[in-house]
Amino acid sequence: MATPGGSDTTGSQASVTSSAAPRRLIDSHCHIDAPEFDLDRDAVLARARDAGVVQQVIPATHRAGWSKLGDICAAHPGLHATYGLHPMFLADHEPEDLDRLSDTIRDGHAVAIGECGLDYFVDGLDPVRQAFYFEGQLRLARAHDLPVIVHARRAVDAVIATLRRFGGIRGVVHSFSGSSEQAQRLWQLGIHVGIGGPVTYERARRLHRVVADLPAEQLLIETDAPDQPGSAHRGQRNEPAHLLHVCDAVAGLRGEDVDALAEQTARNAARLFGLSTP
């Protein structure tokens, strides 16, 4: 989860028109449980299905939201819950939440732990407390044999160092904004990178270079909806149907067939999270 990028004017939700024939896509990071979707969640999910987004991975951010997230995922086929403690919600976390997280994972149907990680961008987020919860969730990932969904804003090197110290962790750094060298180091640790709406902006030239160079097996695509809308929906609420635009942009940067890129990223997500291949 991150704040929307590049807000210009607001307006009605634009239709998805980037593909004549729906592809079978997996949105590897979408907050469909967010209150922004409470009034029209069913319609949003229907638009996603119409656009070919057949599965979504839904990361939690704090303990108070776990129950709602689990209920939403249980009620809608193709939604997969993950539970975690996001660094931006640090004020909401208690040390006992790590034990509660373990119980929730054991009792639920989680496909990953997260969203967890480090955020060195937002002022006032104690890095020591962030590390406590991040490392606690990495221990749970090993104990439960689950991947992690990692938030790493202005903290990619610190995340890499922590993952290397723990070892044996699989997962994804979502909304990746680091360098090609950092992406390579993550892949050496078995960590994927998630690419979303920011890749659709012309000014994101460093990200474009990174995406062009990524190993195909490392790449996941995501929306992070309702946050991080792409350039076609600047200033609007993001939603999972817009994954089509991300897929088109990534394929163009890599000089690959769009349908092949959709199939590859869906296969990567299915393998990482233990999902059926669409």
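Points to keep in mind about this one:
- Within segment 125-168, the residues that satisfy the criterion of being β-branched (Val, Ile, Thr) and assigned to a helix (DSSP H, G or I) are Val128, Val156, Val159, Ile160, Thr162.
- Restricting Leu244, Leu220 to residues that are within 16 Å of the chain's Cα centre (by Cα), buried (at least 21 other Cβ atoms within 10 Å of the Cβ) and in a helix (DSSP H, G or I) narrows the list to Leu244.
- Gly252 assigned to a helix (DSSP H, G or I) and either of a type in the set (D, E, K, R) or surrounded by fewer than 24 Cβ atoms within 10 Å (Cβ to Cβ) (or both): yes
- Residues in segment 70-86 that are surrounded by fewer than 23 Cβ atoms within 10 Å (Cβ to Cβ) and either β-branched (Val, Ile, Thr) or more than 15 Å from the chain's Cα centre (by Cα) (or both): Gly70, Asp71, Ile72, Ala74, Ala75, His76, Pro77, Gly78.
- Taken together, the criteria exclude Gly178 from residues that are out of contact with any strand residue (DSSP E or B) (no Cβ under 8 Å at 6 or more places or on another chain) and assigned to a loop (DSSP other than H, G, I, E, B).
- The condition of being crowded, with 17+ Cβ neighbours inside 10 Å and under 19 Å from Arg271 (Cα atoms) holds for only one of Val111, Val159, that being Val111.
- Residue tally, condition without any contact (Cβ under 8 Å) to a residue 60 or more places away in the chain and either in a loop (DSSP other than H, G, I, E, B) or farther than 21 Å from Leu272 by Cα (or both), over segment 190-209: 11
- Exactly one residue out of Phe89, Phe121 is in contact (Cβ under 8 Å) with a residue 24 or more places away in the chain, surrounded by fewer than 23 Cβ atoms within 10 Å (Cβ to Cβ), within 30 Å of Arg49 (Cβ to Cβ) and of a type in the set (Phe, Trp, Tyr): that is Phe89.
Every read-out reported here was derived from the displayed coordinates using simple, explicitly stated rules and does not represent laboratory data. For clarity, every value in this text was computed on a predicted model and none was experimentally measured. Note: ideal-geometry Cβ built from the backbone for every residue, glycine included; neighbour counts use all protein chains shown.
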